[in-house]
Each structure stands twice: as structure tokens, then as C-alpha cells.
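*Asks:* Dropping a structure here in C-alpha cells format, bear with me for questions.
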Amino acid sequence: MRIVVTGGAGFIGSALVRHLVLDVGAEVLTLDKLTYAGNLANLAAVEGQANHRFLRADICDAAAVNEAFDSFRPNRIYHLAAESHVDRSITGAADFIATNIVGTFTLLEAARHYWGQLEGAAKEAFRFLHVSTDEVYGSLGATGLFTETTPYDPSSPYSASKAASDHLVVAWARTYGFPALVSNCSNNYGPFHFPEKLIPLTILNALHGRKLPVYGNGSNIRDWLYVEDHARALHLIASRGQLAETYNVGGRNERSNIEVVRGICAILDTLAPKDFPHSDLISFVADRPGHDARYAIDATKLETELGWRAQEDFESGIRKTVRWYLDNEDWWRPLRDKVYAGERLGLLASA
Ligand code: NAD
């Protein structure tokens, strides 16, 4: 099996690459532009593995993508490259439109051209998996779950750009018979998560005795999934899912943001105690514009059709994650110094 993973130097992409290279034994080409969110240190575990190689390339660069496909000859493409941070999309959407929409279009066209040249069994076996988010569905009220048939209703420039990319992929499947699948997953957490996102930001700010900014009153609900469970789901969907279908991925772990932040504080109170409770650092800040109230995934289709189950429950996963950040300062220190140097960090604490 020869798999191109776009965005493989990012948070979820690197978990997927580790799974494919070390557990599945696939031949993997990681194709990544290495934006601020891409980091070769995320791939340290596969460095030197004969079945992994890395190519620095932009998915918007058609010539580079065509050449990568022609020389690597993949039979699968797992597409994760994206601009992924909602707050950044609100202050500047251009990169989101370029990578998430135009980049996905460019990649799709390159992949369709490459697939068109395959023959027989190779053509039959080819798969393109587009990795997306539950944020395309917009916001839920107090009850109900997102299913694969929930209408799209994105709220942020990020989710609108991902929605556009999902529509492109589905249209390519319907119009050209292109063998694609789409997955829409809830919020991920775990090791190697970039320090601008809610969970790592909370852990690292708390360790440093800095304020823990929480949007609004902290009541917004997200449905958390451990990143390694997502990685396994993606390979399963690409391997056994029905072409032109969408699969929702989620771990049935709904938590309000304030519950998540308080939970991290309680773990740190035991693992890295201060002379005051970490929760004293919590600081409520003005809400994000267009902030969706609640996301929650119904993963029944993935569970019943493909037999997937999330293995990590939130309590053990978050404890493992906090432990990982405590043990891996070499990984986060350079990123955090950069984030502090260049960003209004207080406004970046969001899921
Ligand atoms: P991330 O920001 O950590 O990583 C994105 C990666 O894409 C980085 O390595 C970056 O260098 C690369 N990249 C960005 N623009 C590129 C370009 N033009 N060409 C090539 N590479 C480029 O993101 P993530 O959290 O790992 O998310 C990965 C994918 O999963 C995204 O498509 C995202 O929309 C989706 N997703 C994320 C979550 C989540 O909770 N993080 C949940 C559901 C779906």
C-alpha cells in the first residue's frame, strides 16, 4: 500500500503517519508545506524508517503535486493539509481560502488526472480520503447529534472553507466517478497539538502560572476525540468505507469548555502542584464572534458499518495528554516561545 498523506507534519496528520508507517507498515509519502503549524519534530518517531519519506510542497502548486504523484505512484491519498485554526480564520481568511478551497481543488484535479492514467486493478483500488470537520454542520441546540445527513451550515471562515472543500470532493465523486470518501470529525486532542489550541494552551499557560482565557462563560460544548482514535478511523474509512460516502467520526465525549479547563487544572494540581489551585488562573474573555454553541457527533454509521470504536475515554486521554506535555518540553518550548513572540495569545484559547 502506497499512501500520500497531505498535511502529515501537522497534529492529526502526524498521528496518522505514525499509525500508517509503524502499525500498518504502509509506504508513506508525507507531503506538507510546513506552515507555522507543520513541524518535522512531529514525525521524529518515523525518522529513518525505510517506508517513510517527506516532501516539502504546497498543495496549491499543481506541478509539484503532479510530480509527487508521478514519482511516488500512490494507490491512496489521505488529504489533511489545511489551515485549521478558527480564530486565525476570523482575523485573516485569505490563507484558508487558498489552501482549504483552492488547494483542495488543485489536489483533486492532480489526483483525478493521475487516477485517470491508472489501469485495471490499480485503478480499481485507488482511494482519495478527504479529512474534514464537524464544524461544517454549524451549531446544535441543547439536544440532537450531527449525522451524515445534517445540512451544512458553517459559521466561521474556517468551517465555510472546509464546507466548500467537502462539496468539491463530493462533486468530483458524483461528476467524474472519482473514488473519494469524506470524513467529518469532532475536536481532536492529544500529543503534538499546537500550543494555540484550547487544551495545550491551557496546560502550558497553567504550568507557567499565566491566565487561562475562556471564551464567554465557557458553556460552549465540544465532542472530544483522542487523536490516535481518529487516525485509526481514517485508515479504516479509506480501506473499507463506501466510495462517495461521508462518515462522521466522534468519541461521544461532550464537554463544555469550562469543564475541560477545570479538569486540566485538577490534573495539574496533582501532577505539578502550585501553592494555589490552578483554577484560580481561569479568566473569562469576550466571546468569539459567531461562536457555535454545541457540537456532538453521531458516529453510528462508522461504528456499525465499519466496526470502529473509540478506545480512549476522555478522562484517561486528557490525563495522558497532560502527562505528555509535562514530559515533552523539548517539543513545545520552541513553538511556545514563537507563539508568545508573535501573537495576542490571550485570544487564542479556543476549541
Ligand atoms: P494542523 O494545523 O495541525 O496541521 C495542518 C498541516 O497542513 C500542517 O502540517 C501544515 O504545514 C499543512 N499545510 C497547511 N497548508 C498547506 C498547504 N497549502 N500545502 C501543504 N501543506 C499545508 O491541523 P490538524 O489539526 O492536524 O488538522 C488536520 C486536518 O483535519 C485539517 O484538514 C482539519 O480541517 C481536519 N480536522 C481537524 C480537527 C481538529 O480538532 N484539529 C477536527 C476535525 C478535522
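The values are calculated or read from the model by the stated rules, or taken from the named source; none is laboratory data. Owing to the predicted nature of the structure, the values given are computational and were not obtained by experimental measurement. Cβ placement follows ideal geometry from the backbone for every residue including glycine, while neighbour counts extend to all protein chains displayed.
*Asks:* Go through the stretch 302-311 and count every residue that is in contact with a Ser or Thr (Cβ under 9 Å, 6 or more places away or on another chain) and surrounded by 19 or more Cβ atoms within 10 Å (Cβ to Cβ).
*Replies:* We begin by selecting, within the stretch 302-311, every residue in contact with a Ser or Thr (Cβ under 9 Å, 6 or more places away or on another chain); these are 302, 306.
From what is left, the residues that are surrounded by 19 or more Cβ atoms within 10 Å (Cβ to Cβ) are 302.
Here the count works out to 1.
*Asks:* Then there is this: Kindly provide the set of residues from the stretch 59-91 that are within 20 Å of residue 2 (Cα to Cα) and either at pLDDT below 95 or charged (D, E, K, R) (or both), ordered by number.
*Replies:* Result: 67, 70, 73, 76.
*Asks:* Whether any residue in the stretch 148-156 is within 16 Å of the chain's Cα centre (by Cα), under 26 Å from residue 257 (Cβ atoms) and of a type in the set (D, E, K, R) is what I want to check.
*Replies:* The answer is no, given that none of the residues of the stretch 148-156 is within 16 Å of the chain's Cα centre (by Cα), under 26 Å from residue 257 (Cβ atoms) and of a type in the set (D, E, K, R).
*Asks:* Select, from 270, 321, the only residue that is over 16 Å from residue 205 (Cβ atoms) and either modelled with pLDDT of 95 or more or in a helix (DSSP H, G or I) (or both). Give the derivation first.
*Replies:* Working: 321 fails: over 16 Å from residue 205 (Cβ atoms).
Exactly one of 270, 321 is over 16 Å from residue 205 (Cβ atoms) and either modelled with pLDDT of 95 or more or in a helix (DSSP H, G or I) (or both), namely 270.
*Asks:* Can you tell me which of 111, 122 is more than 28 Å from residue 289 (Cβ to Cβ), more than 16 Å from the ligand (Cβ to nearest atom) and out of contact with any Asp or Glu (no Cβ under 9 Å at 6 or more places or on another chain)?
*Replies:* On the way: 111 fails: more than 16 Å from the ligand (Cβ to nearest atom).
Checking each option against the conditions leaves just 122.
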